[in-house]
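Q: The structure is given below, and queries will be raised subsequently.
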Amino acid sequence: MSDDEMHWSTAITEVKPNELRLRGYRLDELMGRISFAAGVYLALTGELPAPGVERLLDAMLLASIDHGATPPSALAARTTASTGAPLNAAVAAGVLSINRHHGGAIEDCMGVIQEALALAAEQSLSIAEAAAALVAAYRAQKKRMAGLGHRIHTDDPRTARLFALAAETGTAGDGVKMLQALAAAFAVASGRALPVNVDGAIAALLVDLGLPPALANAFFIMARVPGLVAHVYEEQTRERPMRRIHPSDHDYDGPPARDLPE
C-alpha cells in the first residue's frame, strides 16, 4: 500500500511546532477564556457554544459527576482499585461499566423524545396529544419509558435546576416541553406520577441543543470520570486491599452539609 493510499484527514485538531489548534482555534488562546464544558462542545460540534449554552453544558456535566458509591461504575472502579490495579485501570473498569442499563437511559430517552416529536410532526398533533399517544402505545406494548422515575429520588433536585437554567438561558425548547408532556401523560394514564430523572433532563436538553443520540452516553461518561477518580483514590489511600465491598452497607463521614459562600 502506497503512502498516498494510507493518507487520511481529521477535522478536529491540528498540531504544528509551537502551535496547537482545536477546530481551528489556538488552544492557548482558548485557555482561561472558555470553560472546559465549552471546550467539550467545541470538540464535539466544531463550534463554540453561546454563553447560555456554555453555562447549561457546565451544569449538565456537574449534575452527573457522582451519585454515591452504590452505582455499578463506582463499585467496579473501587473493586478494581482494591486489587492493587493502578488508577487508570480502575477508572477504566468504572467507565466500562457504563452501558445500556447504567448511563444508557440518556440515549434511550432522547429516542423517546424524538419519536414523540416525529409523531407530532407527522400527524399534526400538539405536543400534549403526541405525548398521550406515545404513552398509550408504550403501555400497550409494556415498554418502559426512559427518563422517568428514580430508585432514590421522588423529585430529583438536579432535574429542577437543569430545567430552571434552560429557561433562564433561553435554551429550553420542544425537547423539554415534550419530556414534561410525556411525564404528565404517563401520570394520567397510569394513575401515578413518576419524576423526570436527571438522565431524562439531560436527554431533553441534548435534543434541544441538536446533539445526536450517539453522543448521549459520552456526556454521562465525561461527567462521571472525576467522581470515579475520587472513588479510586479514596479506595487506594483509605481502605485495605482485597476487601469485600458491600454495595449498600456504608455511611458518609465527609464534611457536614454546607452552603456556598455568598
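The values are calculated or read from the model by the stated rules, or taken from the named source; none is laboratory data. Because the structure is predicted, anything quoted here is derived from the model rather than measured. Glycine gets a Cβ as well: all are built from the backbone with ideal geometry, and neighbour counts include every protein chain shown.
Q: Does any residue in region 138-157 that is in the same structural domain as Pro71 (by TED's automatic domain parsing) and at pLDDT below 90 come within less than 6 Å, Cβ to Cβ, of a residue that is among the acidic types (Asp, Glu) and part of a loop (DSSP other than H, G, I, E, B) six or more places away or on a different chain, and which pairs are these?
A: Listed pairs, sorted by first residue: His150/Asp156.
Q: Could you give every pair whose Cβ atoms fall below 7 Å, whose first residue belongs to region 21-34 and is under 18 Å from Pro51 (Cβ atoms), and whose second residue is part of a strand (DSSP E or B), counting only separations of at least 6 or pairs across chains?
A: Taking only residues 6 or more apart or on different chains, the pairs are Leu30/Leu22.
Q: Restricting the search to region 29-64, which residues are surrounded by fewer than 16 Cβ atoms within 10 Å (Cβ to Cβ), more than 26 Å from Thr10 (Cβ to Cβ) and modelled with pLDDT of 95 or more?
A: Listed by number, the list holds a single entry, Leu62.
Q: Let me ask another. Is at least one residue of region 92-113 more than 20 Å from the chain's Cα centre (by Cα) and assigned by TED's automatic domain parsing to the domain that holds Ala218? Before the answer, list the steps.
A: The first filter runs over region 92-113 and keeps only residues more than 20 Å from the chain's Cα centre (by Cα), leaving none.
There is no residue in region 92-113 that is more than 20 Å from the chain's Cα centre (by Cα) and assigned by TED's automatic domain parsing to the domain that holds Ala218.
Q: Evaluate region 157-170: report whether one residue or more is assigned to a helix (DSSP H, G or I), touching a strand residue (DSSP E or B) at 6+ places or on another chain (Cβ under 6 Å), surrounded by 15 or more Cβ atoms within 10 Å (Cβ to Cβ) and of a type in the set (Gly, Ala, Ser).
A: Step one: of region 157-170, the residues assigned to a helix (DSSP H, G or I) are 157-168.
Narrowing the set further to residues that are touching a strand residue (DSSP E or B) at 6+ places or on another chain (Cβ under 6 Å) leaves 159.
Narrowing further to those that are surrounded by 15 or more Cβ atoms within 10 Å (Cβ to Cβ): 159.
Subsequent filtering for residues that are of a type in the set (Gly, Ala, Ser) retains none.
No: zero hits.
Q: Okay, next question. Filter region 198-247 down to residues that are of a type in the set (Val, Ile, Thr) and under 23 Å from the mean Cα position of the chain (by Cα) and give me whichever is farthest from Val95 (Cα to Cα). Walk me through how you get there before you give the answer.
A: Step one: of region 198-247, the residues of a type in the set (Val, Ile, Thr) are 198, 202, 207, 221, 225, 229, 232, 237, 245.
This time we only want the ones that are under 23 Å from the mean Cα position of the chain (by Cα), so: 198, 202, 207, 221, 225, 229, 232.
Working: Val198: 19, Ile202: 19, Val207: 24, Ile221: 7, Val225: 7, Val229: 11, Val232: 12 Å.
In this case the residue turns out to be Val207.
Q: Determine which single condition Glu235 fails, assuming it passes every other condition in (1) assigned by TED's automatic domain parsing to the domain that holds Ser64; (2) over 25 Å from Gly103 (Cβ atoms).
A: (2)
Q: Continuing with the same structure: Mind checking which pairs have a first residue in region 195-223 that is within 12 Å of Leu57 (Cα to Cα) and of a type in the set (Ser, Thr, Tyr) and a second that is assigned to a helix (DSSP H, G or I) and modelled with pLDDT under 95, Cβ under 8 Å, 6 or more apart or different chains?
A: none
Q: When both residues are 6+ apart or on different chains and their Cβ atoms are under 9 Å apart, which pairs have a first residue that lies in region 122-135 and is without any contact (Cβ under 8 Å) to a residue 24 or more places away in the chain, and a second that is part of a loop (DSSP other than H, G, I, E, B)?
A: The qualifying pairs are Glu129/Gln123; Ala133/Gln123; Ala133/Leu125.
Q: Here's another thing I want to ask about it. Scan Pro86, Pro71 and give me the residue that is within 15 Å of the chain's Cα centre (by Cα) and either touching a residue at least 60 places away in the same chain (Cβ under 8 Å) or under 30 Å from Tyr233 (Cα atoms) (or both). Spell out the reasoning first.
A: Working: Pro86 fails: within 15 Å of the chain's Cα centre (by Cα).
Result of the check over Pro86, Pro71: Pro71.
Q: Every residue in region 11-25 that is assigned to a strand (DSSP E or B) and either under 12 Å from Leu42 (Cα atoms) or touching a His at 6+ places or on another chain (Cβ under 8 Å) (or both), please. If you could, list the steps in order and put the result at the bottom.
A: Going residue by residue through region 11-25, those that are assigned to a strand (DSSP E or B) are 13-16, 19-22, 25.
The answer is Thr13, Arg21, Leu22, Tyr25.
Q: Does Met145 meet the test of being touching a helix residue (DSSP H, G or I) at 6+ places or on another chain (Cβ under 9 Å), part of a loop (DSSP other than H, G, I, E, B) and surrounded by 14 or more Cβ atoms within 10 Å (Cβ to Cβ)?
A: On the way: touching a helix residue (DSSP H, G or I) at 6+ places or on another chain (Cβ under 9 Å): yes; part of a loop (DSSP other than H, G, I, E, B): yes; surrounded by 14 or more Cβ atoms within 10 Å (Cβ to Cβ): yes.
Judged against the criteria, Met145 is a match.
Q: Inspect region 189-197 for any residue being within 15 Å of the chain's Cα centre (by Cα), in a helix (DSSP H, G or I) and either among the hydroxyl-bearing types (Ser, Thr, Tyr) or surrounded by fewer than 20 Cβ atoms within 10 Å (Cβ to Cβ) (or both) and give the result as yes or no. Give the steps one after another, and end with the answer.
A: First pass over region 189-197, keeping only residues within 15 Å of the chain's Cα centre (by Cα): 196-197.
In the following step, the residues that additionally are in a helix (DSSP H, G or I) were identified as none.
The answer is no; no qualifying residue exists.
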